[in-house]
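What follows is one structure encoded as structure tokens, with my remarks underneath.
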């Protein structure tokens, strides 16, 4: 069954689409743009298509049924369309950020952005932003954590987990996607890394799929040697078990540590796409990391957001943006 999205003011949707095409991707008249969407996100896909036509005549929109889960590969014709474009935008119900199709398109020189799980609320809110300021926040955070061998995260909710970074490289997601092969999520604003290993406990008290915003609830993950060994939530545990039926222990891989740098996001709304960018939050993901510098290929990438983290880089506390939020 298709999950319809809320229809918002056409002008707001059009303005957000223009920001994506003109500011974030800077599509020029001699370039090709592919918009990949699905049956549930078609209104946003169409808005991006229309905005693309203002920049170039070479615009294509490709639509397919929503994928079965986040991280699932799109159909082969979709992958081919991504790989042959100069630029792409992908508003989809299920994330294709951590797929071979997306990473291979970037490897082929396409630049682009995915908008996984996007709703019109997130679209119109998250694209009404100063992306130059977001890029500056990302650069400042990278300077604080780059070169650290170990990151420790704690929280009042009971988080105490340590990440061994090894030789892995930090990435930033600024929303500015102007160079060939560049990639971003939209809305943007985070720095992130795929750790080599992790040990400890992390407690999600913000947003996690499929629950959305947890409110007063929390979900606790126990981690050993870079893999989740227990989760105190039946639904989340079931999703991981389903992925494990396909790839075994790789489904439980601790895939990502991310730090939100978007100071314009002042309220968590229950969308992982937006909430993981909120300044001062941390998100930790389980599953696939092959698209972000790791070596685990899995059909799932499950992010959980921590509202009140403290972060230490090699024992030194890292200053985080602190924003009053609901």
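Most simply put, the chain has about 70% antiparallel DSSP beta bridges, counting only bridges with both residues inside it.
Among 278, 79, 90, the residue with the largest mean-square fluctuation in a Gaussian network model of the chain, with springs joining Cα atoms closer than 10 Å, is 79.
One equal scatterer on each Cα of the stretch 131-317, no solvent, Debye formula: the resulting log10 I(q)/I(0) at q = 0.08 Å⁻¹ is -0.22.
Size descriptor for the stretch 61-142, Kirkwood hydrodynamic radius: 13.9 Å (Cα pairs only, one decimal). Measure nothing but the geometry: give the 0 to 90° angle between the long axis through the Cα atoms of 131-145 and the longest principal axis through the Cα atoms of the chain, rounded to 10°. Result, in degrees: 30.
Max-minus-min Cα coordinates of the chain on each principal axis give 52, 41, 37 Å, with the largest extent listed first. Which whole-angstrom value gives the distance between the alpha carbon centres of the stretch 175-211 and the stretch 258-326? Comparing the Cα centres of the stretch 175-211 and the stretch 258-326, I get a distance of 6 Å. Across every pair of non-identical alpha carbons in the stretch 88-131, the mean reciprocal distance, once inverted, gives a Kirkwood radius of 11.4 Å. In the stretch 239-307, the convex hull through the Cα atoms has an average projected area of 4.6 nm², a quarter of its surface area. Which one, 217, 63, 100, has the greatest fluctuation when you compute a Gaussian network model over the chain with C-alpha springs under 10 angstrom? In the Gaussian network model the winner is 217. A convex hull fitted around the alpha carbon atoms of the stretch 10-126 yields 84 Å³ per residue. Here the spin labels are modelled as points 7 Å beyond Cα on the Cα-Cβ line, and at residue 216 and residue 314 they lie 4.4 nm apart. Over the residues of the chain, the helix contribution to mean residue ellipticity at 222 nm works out to -7000 deg cm²/dmol, using -39500 (n - 2.57) for each DSSP H run of at least 4. Packing, taken as the mean count of other beta carbons within 10 Å per residue, orders the peptides 38-44, 147-153 from highest to lowest as 38-44, 147-153. For the chain, the longest principal axis of the Cα atoms and the long axis of helix 42-55 meet at an angle of about 60 degrees.
Each value in this text was obtained by applying a stated rule to the coordinates, not by laboratory testing. Just so you know, these numbers come straight off a predicted model, no measurement behind them. For neighbour counting, all protein chains shown are included, and Cβ atoms are generated from backbone atoms with ideal geometry for every residue, glycine included.
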